[in-house]
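See structure below.
The values are calculated or read from the model by the stated rules, or taken from the named source; none is laboratory data. What you see is a predicted model, and the numbers here were worked out from it, not measured in a lab. Cβ: placed from backbone, ideal geometry, glycine included. Neighbour counts: every protein chain shown. The accessibility values were calculated without ligands, DNA or RNA, using every heavy atom of the protein model including side chains. Shrake-Rupley method; radii C 1.70, N 1.55, O 1.52, S 1.80 Å.
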Amino acid sequence: MKSDQQLQELMNQIKTQFDIKIEKYYETSLVDKDQQNYVLLKTETSKKLLVWGQEADAQFKGESVQLKIGDVDYDVKLCPLTHENSLIMRKVFPWTGPKTVGLQTSFGAGDRIGVATPGHIRALKQYNIVPVIAQQSIREMNRTVRTSEEVMDDVTWAVFQEGYKDGFGSDADHLKTEQDIQNTFAAGFTGFTVDPSDHINNEADTLTSDDLEKAYLGVFDSPESAQEFLKKYANNEVTVKGNDRSLTLFIPEEEVKRLAVKYMTAIKHTINCYNLLKSLHGDKEFDFEMSVDETETPTTVAAHYIVANELAKAEVQCTSLAPRFIGEFQKAIDYIGDVDTFRQQLIDHVTISQHFGGYKISIHSGSDKYSIFPIVGEETKGVFHEKTAGTSYLEALRIVSRHDTKLFREIAVFAREKFEKERFSYHVTTDMKKVPTVDQLTDAQLESMLNEDDARQVLHITFGGTLTEKDANGNYIFRNRILDVLHKQEEEHYNVLETLFIKHIEAFGVTKK
């Protein structure tokens, strides 16, 4: 079926046969393959996959009818966007499933609600950068009550909706346990970020000499291996060779011991996680990142070198590594710190990366860090991975502020009540005196809260409670109402996301296709 007239006739008959209100079909999703036709429909309340042909595809599960269009009889099937149908979709159209990204410049766009991905795609597809659009941390999944399968399925349907066939990556982010790895692998993720922060000993920096010695011996299997570690790293001049510059490292013995106490258990955990992934994947490739950004102090050059060297010795192939940078990467606002100092530290991290083969430097909590984006683009020469998540959630609230002021006011009051409890999970310097109460604002002024740093953080950090709070009858108080607004204002939602992400991407200096 090729003509618009025939397709419109089919839509009219489907409305009658299935007694549904079709608002539109997504032209970008229209595909014909092996004498079958596929398109995504938007109804008044949800989305459906429409499959038709002279013999409709038997794989997809849905309601079937026989319809005549012109002189041709068609098998027509209307399918819900279930997990089962998502698995079939990724099999029939492999481009709706993720791939490995490797060392290509990449941008991670997390979607906490599950409906933002089309906006991400519309921005990212214009540039020479690989979208990582199936990205969610275990913490975010827990807080939003979403599963790995749901995250992957939502992205699959979004990719199909947009007809995006150029490939995208996935990131099972901040994995802490082997069970996390098992679950996300089973869901089809191709990229895995191990967060060993539970195994990092931040007290190592302040231990007394006696306690340091005991702790140092405790992180090794034997006194001999502890001595061998000192021989390898302590009081030796090491030249770290990058592509354009070199570093000379000299690490005193006490510093080596403190770094070992701080990181060695985390390094061993990371190696174990990598080996588990190797066993799960067999000969198949996967992207792997180690994240050490959630420490109390910045990752020193010496720490990065030792971590990278130990991983290399264990034959861990890192796609990327996320250091803890100097300065503050607070949620939803720009970088806080001296950008010149950040630049120099980044140059050192890039040099170490290049010395060990050139894995990407990963920027966590990267939303809205416009002051450092140009530096990252320049100094890494595009060998970076950027991660965002919360900024997309705030753009969803922006749409709510424009179209359902009552709902936005309720969310803002709830966020204010919950903020003091939720802030302990994050490092933020939010000044509540600068956050207006909604009764001080007219409806037209509500959106201004999303343009002010302190108010942005209050709304951002309380996303988990906002999306999961239920009433006495077990019904979501905010979640479904937010989704309803976004469904009705879909194109506006996509447009604000596209604009925001183009601003991010261009700040890095990434070129257009």
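Sort out which residues of the stretch 256-280 are among the aliphatic types (A, V, I, L, M), in contact with a strand residue (DSSP E or B) (Cβ under 7 Å, 6 or more places away or on another chain) and within 19 Å of Asp171 (Cα to Cα), and write them in order of number.
Within the stretch 256-280, just Leu277 meets the criteria.
Determine, yes or no, whether Leu87 is closer than 21 Å to Glu162 by Cβ and not in a strand (DSSP E or B).
Criteria met by Leu87.
Do we have Ser365 as in contact with a Phe, Trp or Tyr (Cβ under 8 Å, 6 or more places away or on another chain), in contact (Cβ under 8 Å) with a residue 60 or more places away in the chain, within 19 Å of Arg324 (Cβ to Cβ) and not in a helix (DSSP H, G or I) here?
Considered against the rule, which asks whether it is in contact with a Phe, Trp or Tyr (Cβ under 8 Å, 6 or more places away or on another chain), in contact (Cβ under 8 Å) with a residue 60 or more places away in the chain, within 19 Å of Arg324 (Cβ to Cβ) and not in a helix (DSSP H, G or I), Ser365 comes out as yes.
Considering only residues that are without any contact (Cβ under 8 Å) to a residue 24 or more places away in the chain and open to solvent by less than 30 Å² (accessible area, probe 1.4 Å), look in the stretch 42-66 and name the one that is nearest to Gln17 (Cα to Cα).
In this case the residue turns out to be Thr43.
If you go through the stretch 425-451, how many residues are among the acidic types (Asp, Glu) and surrounded by 15 or more Cβ atoms within 10 Å (Cβ to Cβ)? Steps first, answer last, please.
Narrowing the stretch 425-451 to residues among the acidic types (Asp, Glu): 431, 439, 443, 447.
Next, from what is left, pick out any that are surrounded by 15 or more Cβ atoms within 10 Å (Cβ to Cβ): 447.
Selection size over the stretch 425-451: 1.
What residue, of Phe60, Phe107, is aromatic (Phe, Trp, Tyr) and part of a loop (DSSP other than H, G, I, E, B)?
On the way: Phe107 fails: part of a loop (DSSP other than H, G, I, E, B).
Of Phe60, Phe107, the one residue that is aromatic (Phe, Trp, Tyr) and part of a loop (DSSP other than H, G, I, E, B) is Phe60.
Give the residue that is least open to solvent (accessible area, probe 1.4 Å), with candidates limited to residues of the stretch 15-36 that are touching a Gly at 6+ places or on another chain (Cβ under 6 Å) and of a type outside the set (Ser, Thr, Tyr).
Gln36
Given the criteria β-branched (Val, Ile, Thr) and either farther than 30 Å from Ile22 by Cα or surrounded by fewer than 18 Cβ atoms within 10 Å (Cβ to Cβ) (or both), does Val485 qualify?
Answer is no for this residue.
Looking at the stretch 76-88, can you tell me whether even one residue there is free of Cβ contacts under 8 Å to residues at least 24 places away in the same chain and of a type in the set (A, V, I, L, M, F, W, C)?
For the stretch 76-88, residues free of Cβ contacts under 8 Å to residues at least 24 places away in the same chain and of a type in the set (A, V, I, L, M, F, W, C): present.
Can you find a residue in the stretch 259-282 that is modelled with pLDDT of 95 or more, farther than 20 Å from Ser362 by Cβ and loosely packed, with under 12 Cβ neighbours inside 10 Å?
yes
Name the single residue, out of those in the stretch 455-471 being under 15 Å from Glu417 (Cα atoms) and outside any helix (DSSP H, G or I), that is farthest from the chain's Cα centre (by Cα).
Step by step, filter the stretch 455-471, then rank; the result is Glu469.
Rundown of residues vs (1) crowded, with 23+ Cβ neighbours inside 10 Å; (2) without any contact (Cβ under 8 Å) to a residue 12 or more places away in the chain; (3) over 28 Å from Val496 (Cβ atoms), yes/no style:
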{"site": "Arg324", "(1), (2), (3)": "no, no, yes"}
{"site": "Ile347", "(1), (2), (3)": "no, no, yes"}
{"site": "Thr351", "(1), (2), (3)": "no, no, yes"}
{"site": "His355", "(1), (2), (3)": "no, no, yes"}
{"site": "Phe373", "(1), (2), (3)": "yes, no, no"}
{"site": "Gly382", "(1), (2), (3)": "no, no, no"}
{"site": "Ser392", "(1), (2), (3)": "yes, no, no"}
